[in-house]
1. If we keep just the residues of the range 19-42 that are among the charged types (D, E, K, R) and within 14 Å of GLY4 (Cβ to Cβ), which is least open to solvent (accessible area, probe 1.4 Å)?
2. Checking CYS139 against (1) within 27 Å of ILE44 (Cβ to Cβ); (2) part of a helix (DSSP H, G or I), which test does it fail?
3. Looking only at the range 1-26, which residues are of a type in the set (A, V, I, L, M, F, W, C) and touching a helix residue (DSSP H, G or I) at 6+ places or on another chain (Cβ under 7 Å)?
4. Say whether the condition of being of a type in the set (Ser, Thr, Tyr), more than 25 Å from GLU101 (Cβ to Cβ), modelled with pLDDT under 95 and open to solvent by 40 Å² or more (accessible area, probe 1.4 Å) is met by at least one residue in the range 125-133.
5. Which helices (runs of 4 or more DSSP H) sit wholly inside the range 1-58 and have at least 3 residues that are under 42 Å from the mean Cα position of the chain (by Cα) and free of Cβ contacts under 8 Å to residues at least 60 places away in the same chain?
6. Hey, can you tell me all the residues within the range 144-153 that are buried (at least 17 other Cβ atoms within 10 Å of the Cβ) and either touching a Gly at 6+ places or on another chain (Cβ under 8 Å) or farther than 15 Å from CYS106 by Cβ (or both)?
7. Of all the residues that make up the range 98-124, how many are aliphatic (A, V, I, L, M) and closer than 13 Å to LEU137 by Cα?
8. Given the conditions (1) at pLDDT below 95; (2) surrounded by 15 or more Cβ atoms within 10 Å (Cβ to Cβ), report the number of the one that TYR241 does not fulfil.
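The values are calculated or read from the model by the stated rules, or taken from the named source; none is laboratory data. This structure is a prediction, so every number in the text was calculated from the model and none was measured. Don't worry about glycine lacking a Cβ; one is built from the backbone with ideal geometry, like all the others, and counts go over all protein chains shown. Please note that ligands, DNA and RNA were not included when accessible areas were found on the heavy atoms of the full protein model with its side chains. Shrake-Rupley method; radii C 1.70, N 1.55, O 1.52, S 1.80 Å.
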Amino acid sequence: MMIGEVIRKYRKQKELTQEEMANFLGVTAPAVNKWENGNAMPDITLLSPIARLLDVSLNELLSFKEELTAQEIQELTLKAEQITEAHGFDQAYSWAKKQIEAYPNCEKLIYSLALTLDAKRLMLQLSNSEKYDSFILSCYKRLLKSNDVSMRTVAADSLYNYYLRNEQYEKASEYLSFFSMQSPERKRKQAILYERSGETEKAYKEYEEILISAYQILCLVFDSLFNLKCKEQDVELAKYYTEKKKLLAELFQMGEFSVIAADLALAQFEEDRDKTFYCADRMLNSLESIYSYSAAPLFSHIELKKPDSESVEKMRTSIIYSFKLDDSFQYMSSDQRWNELLSI
């Protein structure tokens, strides 16, 4: 926001007319009008009186604020869009550059205006779109040095997308380093690069690893939701989340063991002895199904562990011990079937 816009904004907030402001300052109303329209600048000796009259600091009057509010950024971004629609992209581009020059340290404004310009030139299918590359990319690259990790990430994302759509895949891959190694989005973007560059097998592998990771995360989320409902003694919603987790296991072809495990947790909550025994027995007799997803088409491009009889038996022993040591199964201690099942 330039000084004239600042004067207009705060004059209106003070509910002053241009004439009233002029009288307070000892100037003419046309002079105030010229300031506000950007056709002239106030004399340097008037800056302090103007700031006092409008109840703002000299820094704010001169647009030296490093940060703008979210609303101010939104308003400036909207104005860039309005100028594009009313006067064309070139004028909006020039105006946006001036705003960034006025607030060189406001990273959110820089990103918002650069992203708006980037999107608008694509939407308008400008024949000379590349003419704006240098400035827009320089904005994104400036933000890669931000102290704010989220700002670095969104800037890297914009640069990745730019080089991806221009089929500069090696260049696009450079910006993946700004995403966390644990981020599914990083793996998804890497998969897209593999796909676009013809490395199909690698693309499949990345996508399938994302699926496995997503399944594991969703299971943990459903477990947490289930546990919350158990603490609240909300049986109906505990059953609801159990069914959702079972559907999830079936969707990802995770095998009978994973489906039954969800039912066992519900049986524990309800302290249903018959159902607890039934689920535990089925789990111990379906251990090999833990690895059934390795044969599913969903995961056909990644190498997954195949069970052998020794590893299955070790797993069986481990699960039995976990049942024995789990105090939440105390209600089963007098059940003969349970005790026989857990005998080793």
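1. Checking each candidate, the answer is GLU36.
2. Here CYS139 clears every test but (1).
3. MET1, MET2, ILE3, VAL6, ILE7, MET21, ALA22, PHE24, LEU25 - these are the residues of the range 1-26 that are of a type in the set (A, V, I, L, M, F, W, C) and touching a helix residue (DSSP H, G or I) at 6+ places or on another chain (Cβ under 7 Å).
4. Within the range 125-133 (the criterion being of a type in the set (Ser, Thr, Tyr), more than 25 Å from GLU101 (Cβ to Cβ), modelled with pLDDT under 95 and open to solvent by 40 Å² or more (accessible area, probe 1.4 Å)), the answer is yes, since at least one residue qualifies.
5. Passing ranges, in order: 3-13.
6. Those that are buried (at least 17 other Cβ atoms within 10 Å of the Cβ) and either touching a Gly at 6+ places or on another chain (Cβ under 8 Å) or farther than 15 Å from CYS106 by Cβ (or both): ARG152, THR153.
7. Total satisfying the criteria: 6.
8. Tallying (1) at pLDDT below 95; (2) surrounded by 15 or more Cβ atoms within 10 Å (Cβ to Cβ), TYR241 fails exactly one: (1).
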